[in-house]
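I have placed the structure first, in the form of structure tokens, so that the comments after it can refer back to it.
The values are calculated or read from the model by the stated rules, or taken from the named source; none is laboratory data. Only a predicted model underlies this, so the values are computations on that prediction, with no experimental measurement involved. Note that we place each Cβ from the backbone using ideal geometry, even for glycine, and neighbour counts take in every protein chain shown. Surface areas here come from the heavy atoms of the whole protein model, side chains and all, with no ligands, DNA or RNA. Shrake-Rupley method; radii C 1.70, N 1.55, O 1.52, S 1.80 Å.
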Amino acid sequence: QKELYDRAKAELKPLLARLHRANRDKLGPAFADGQSALILDAQQKSTQWCNFMEAAPQPLPLPQLACVYSVSNAQLLKEGAREYFDTLQTAIEKMSELMPGQVPPIEIPPPQSQEVASGTIYKYSLPPMFGVDARTAPNAGVSTDVLALSLMPETTQQLLTVKPLQGPGPLANLDRPLAT
């Protein structure tokens, strides 16, 4: 086991340096603004969220958690994400070579991409054997200034869309002075 550990350490240590460079040179500058938000949403509805659930007589909301991050440089963000995926694929290949039969040679497919008015959504559709609503797909949406992560592309698209602030009372009319 020590020999396997030493070989794995020699093969994987350069990959950690590669991830460090991706963080330092790409992801760090891509998120230079440092703003983020955690969102709880329940707008998506279905009568049957998964196949082991009995169909409901009325559509039920699904509470969803989403994360939104301010992006300073979308191109660096995409390059950093690509570097992470490439590094993970290389790590799987190296471990498969070091431990044949124990670590299968899995190939990570690229995400499906969908251009929307406000940016691009990258998603992985879940296989039917999971038995969840077909709209459920882990995803990331990137616009020029926002990264949104959620389990439903519809939610991500809403989070990427720029909307003016709407509110009750004084916030209903932002064209007039709100304080004197």
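What helices does the chain hold that run 24 Å or longer along their axis, going by alpha-carbon atoms, with a Kyte-Doolittle average of -0.5 or more, using DSSP H for the helix calls?
Counting only whole DSSP H runs, the qualifying helices are 74-98.
First compute the accessible area of the chain with a 1.4 Å probe, then give the percent of it belonging to carbon and sulfur atoms.
Reported share for carbon and sulfur atoms: 59 percent.
Roughly what percent of Cα-Cα pairs across the stretch 47-180 reach past 19 Å?
That tail contains 66 percent of the Cα-Cα pairs.
Figure the gain on full extension for A32 and M99 (residue separation times 0.36 nm, minus the Cα-Cα span) and round it to one decimal in nm.
Gain in length upon complete extension: 20.2 nm.
Can you compute the helix-only [θ] at 222 nm over the chain? Use -39500 (n - 2.57) per DSSP H run of at least 4 residues, normalise by all residues, nearest 500 deg cm²/dmol. Write out the running numbers ahead of the final one.
Values: 3 runs with 54 residues, N = 180.
Per the formula, -10000 deg cm²/dmol.
Counting only heavy atoms of protein chains, what accessible area per residue, in Å², does the stretch 32-91 have with a probe of 1.4 Å?
I get 64 Å² per residue for the stretch 32-91.
Taking the Cα centre of the chain as the origin, how large is its charge dipole in debye, to the nearest 20, when only Lys and Arg (+1) and Asp and Glu (-1) carry charge on their Cβ atoms?
About 300 debye.
Quick one: among P63, P29, P168, which has the greatest mean-square fluctuation in a GNM of the chain with alpha-carbon springs under 10 angstrom?
For the chain, modelled as a Gaussian network with Cα springs under 10 Å, the answer is P168.
Given 37 °C and 0.692 mPa s, how large is the Stokes-Einstein diffusion coefficient of the stretch 132-180 in µm²/s, with Rh as the Kirkwood radius over Cα pairs?
My calculation gives 248 µm²/s for D.
In this model, which of K13/K123; K9/K94; K78/K163; K94/K123; K2/K94 are farther than 22 Å apart at the alpha-carbon?
Correct reply: K13/K123; K78/K163; K94/K123.
For the stretch 86-159, would you read off the P(r) tail past 17 Å as a percentage of all alpha carbon pairs?
Roughly 56 percent, once rounded to a whole number.
Placing +1 on the Cβ of each Lys and Arg and -1 on the Cβ of each Asp and Glu in the stretch 85-180, which of Q158, V132, L174 has its Cα farthest towards the positive end of the resulting dipole?
The residue sitting farthest along the positive end of the dipole is L174.
Relative contact order for the chain using alpha-carbon pairs under 8 Å, separation at least 6, rounded to a whole percent? Walk me through the intermediate numbers first.
Numbers: 267 pairs, mean separation 34.7, N = 180.
Normalised by residue count, the contact order of the chain is 19 percent.
Describe numerically, in nm with one decimal, the distance between label points set 7 Å from Cα along Cα→Cβ at L60 and at R135.
1.5 nm
Add +1 for every Lys or Arg and -1 for every Asp or Glu among the other residues with Cβ under 15 Å from the Cβ of R21, and state the total.
Here the count lands on +1.
Simple spin-label model, 7 Å along Cα-to-Cβ: R18 to R176 in nm?
Inter-label distance under the simple model: 6.1 nm.
Students often get this wrong: which residues of the stretch 130-146 have the backbone nitrogen under 20 Å from the point 7 angstrom along Cα-to-C-beta of Q48?
Counting backbone N atoms under 20 Å from the label point, the list is 130-137.
In the Gaussian network model of the chain, springs joining C-alpha atoms below 10 Å, which of P138, P105, P57 carries the largest mean-square fluctuation?
Between P138, P105, P57, it is P57 that shows the largest mean-square fluctuation.
Using a simple spin-label model with points 7 Å from Cα along the Cα→Cβ vector, what separation in nm is obtained for L126 and Q112?
Output for this residue pair reads 1.4 nm.
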